[in-house]
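Here's the structure, in structure tokens; my notes come after.
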């Protein structure tokens, strides 16, 4: 005897349930299909939400990890001084501090020219990456060109450009920054700090390891620099990113709510199927009662049928949903493996649980009705 | 007292459409182990109601039902079900086998919901005894009417009951097949000391029964 037969013999309710379901395969199949669709809807909408959130996170990048400190112009502070930068360095426990001096000048290569922003930075490597060439840890000579400017003036690493009358060798073209950025380099040129006119700094960017570290840095910078007067304004993107995260959480709940409606419809169809099949089997159930099968056993038998429908639909629905997730993620994120993350398994388990739960709930009334029919009535021809 | 089941002053009244129908009127009836009794009467005379009361499927409006000398009139549904399982085997005119189960499984049905590891062996023996040893795995739709009724008889005997209640057991069978089923009844009541009560129209039953009870308008004549 194989293990399945063994199990069915041990749990007679399951044996009877399975046989009963095989009696009308099309009807059982359609009931299962309803559950499959419901489970698929919940699980795949949940995963769809995850994909949206992942995509948005990719767009935002590490923006939540960065904060920007600028002079408070309203209080008459024109620029940040070396002392300010030192104080910022002391306040930031974990992360790199990038002071920036900026200006607007004429940049030319050959006979092409344009007016762009130039940034003076000592350590641009802390916030930028190159798409071509190399970004040095300390920028002492040469220029880094933003992707937009590079395209406009047709610049490649190794070219020579003139900035405000002085010539520079281009060491790298910076990777295009997508989405939001505190200091957008796309249409700028980055030079060594001392090559930009001025003594102070227009902005200081702090790049921390995490959003939380960024937030802590922002708090201590405010405490240190704004103790006596509001010298600086501190701009954090973390509040925006967490707001966006929250929004996606709500969106996900909403999507799953829509999915649940289809599961409720599936539940009604199971209720209908079970009700019809118990009415058809009225006499049989009467016979079972007559030969000594207790009411409770009848209830268990019919609930087992509903449970089997739900389990079959849930398992198939989960597999189809994972398949749909893989397809969606490889299409949207170019990363099919993004499907297999814990939150998605949570959605799948939730959907299957809902599917089985809905089925059993839908079986309750037919089971109760069948068990409480008097055998005398049921057996009357 | 040796009566296995007894009805004392049993009345059964139904209310249908504001009208009270008296299906059983002051019925006294008893049967003893090994006795074969037929209940005859025109349709609507209360035969089926009487069989249902005897089989603990229905409760009388008035009167007492004694099963093995114990009053079972007012038992709960749960206890009645347990008594049915222990004492009573049912045989129906239209057999009422479960179409999705094999002959062997159909015989086992009364034992399914309970711990009874020897049931399969008993079921096999019973089917061999009723001459269906080679039909164990057949589904009801693969069996003839007589064979189905034999499966039903084997099912009725699986829990070694003290009483067999049969509702028109030959009603759906031709005369010859009916006779072989009645031969089987005769064997069972002799060998197993089982009381058999059969409700019937079939006059050939009287060749087999110890006595016949005539029911007219809910009264025993």
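Filter segment B:6-54 down to the residues that are touching a helix residue (DSSP H, G or I) at 6+ places or on another chain (Cβ under 7 Å), part of a strand (DSSP E or B) and free of Cβ contacts under 8 Å to residues at least 60 places away in the same chain, then identify the one that is surrounded by the fewest Cβ atoms within 10 Å (Cβ to Cβ).
Checking each candidate, the answer is B:7.
In segment B:84-105, how many are assigned to a helix (DSSP H, G or I) and either more than 10 Å from chain A (Cβ to nearest Cβ) or within 14 Å of the chain's Cα centre (by Cα) (or both)?
Selection size over segment B:84-105: 6.
Looking at B:158, B:196, B:163, which one is touching a strand residue (DSSP E or B) at 6+ places or on another chain (Cβ under 9 Å) and either under 19 Å from residue B:105 (Cβ atoms) or free of Cβ contacts under 8 Å to residues at least 40 places away in the same chain (or both)?
Details: B:196 fails: either under 19 Å from residue B:105 (Cβ atoms) or free of Cβ contacts under 8 Å to residues at least 40 places away in the same chain (or both); B:163 fails: either under 19 Å from residue B:105 (Cβ atoms) or free of Cβ contacts under 8 Å to residues at least 40 places away in the same chain (or both).
Of B:158, B:196, B:163, the one residue that is touching a strand residue (DSSP E or B) at 6+ places or on another chain (Cβ under 9 Å) and either under 19 Å from residue B:105 (Cβ atoms) or free of Cβ contacts under 8 Å to residues at least 40 places away in the same chain (or both) is B:158.
Tell me yes or no: at least one residue of segment B:194-216 is under 22 Å from residue B:126 (Cα atoms) and in a helix (DSSP H, G or I).
Checking segment B:194-216: not a single residue is under 22 Å from residue B:126 (Cα atoms) and in a helix (DSSP H, G or I).
For segment B:109-119, check the following and say yes or no: at least one residue is within 7 Å of chain A (Cβ to nearest Cβ) and on the phi > 0 side of the Ramachandran plot.
Going residue by residue through segment B:109-119, those that are within 7 Å of chain A (Cβ to nearest Cβ) are B:109-110, B:112-113.
The next check asks that each one be on the phi > 0 side of the Ramachandran plot; those that pass are none.
There is no residue in segment B:109-119 that is within 7 Å of chain A (Cβ to nearest Cβ) and on the phi > 0 side of the Ramachandran plot.
Testing residue B:65 on (1) in contact (Cβ under 8 Å) with a residue 60 or more places away in the chain; (2) out of contact with any helix residue (DSSP H, G or I) (no Cβ under 7 Å at 6 or more places or on another chain); (3) more than 14 Å from chain A (Cβ to nearest Cβ), one condition comes back false. Which one is that?
(2)
Taking segment A:106-144, which residues are under 20 Å from residue A:182 (Cα atoms), assigned to a strand (DSSP E or B) and touching a helix residue (DSSP H, G or I) at 6+ places or on another chain (Cβ under 8 Å)?
A:116, A:120, A:131, A:144
Among the helices (runs of 4 or more DSSP H) contained in segment A:7-96, which hold 3 or more residues that are closer than 30 Å to residue A:177 by Cα and touching a residue at least 24 places away in the same chain (Cβ under 8 Å)?
Values: elements: A:12-23, A:25-60, A:82-91.
Per the criteria, A:25-60, A:82-91.
Select, from A:52, A:60, the only residue that is under 30 Å from residue A:348 (Cα atoms) and at pLDDT below 85. So that I can check it myself, show each step before the final result.
Numbers: A:52 fails: at pLDDT below 85.
Of the residues listed, the single one that is under 30 Å from residue A:348 (Cα atoms) and at pLDDT below 85 is A:60.
Between A:228, A:222, which is outside any helix (DSSP H, G or I) and free of Cβ contacts under 8 Å to residues at least 40 places away in the same chain? Full working, then the answer.
Values: A:222 fails: outside any helix (DSSP H, G or I).
Selected residue: A:228, the only one of A:228, A:222 that is outside any helix (DSSP H, G or I) and free of Cβ contacts under 8 Å to residues at least 40 places away in the same chain.
Counting just the residues of segment A:269-328 that are at the interface with another protein chain (Cβ under 9 Å from one of its Cβ atoms) and under 17 Å from residue A:361 (Cβ atoms), which one comes out surrounded by the most Cβ atoms within 10 Å (Cβ to Cβ)?
Restricting to residues being at the interface with another protein chain (Cβ under 9 Å from one of its Cβ atoms) and under 17 Å from residue A:361 (Cβ atoms), the top hit is A:301.
The values are calculated or read from the model by the stated rules, or taken from the named source; none is laboratory data. In this text, all values refer to a predicted model and were calculated from it rather than measured experimentally. Reconstructed Cβ throughout: ideal geometry from the backbone, glycine too, with neighbour counts over all protein chains shown.
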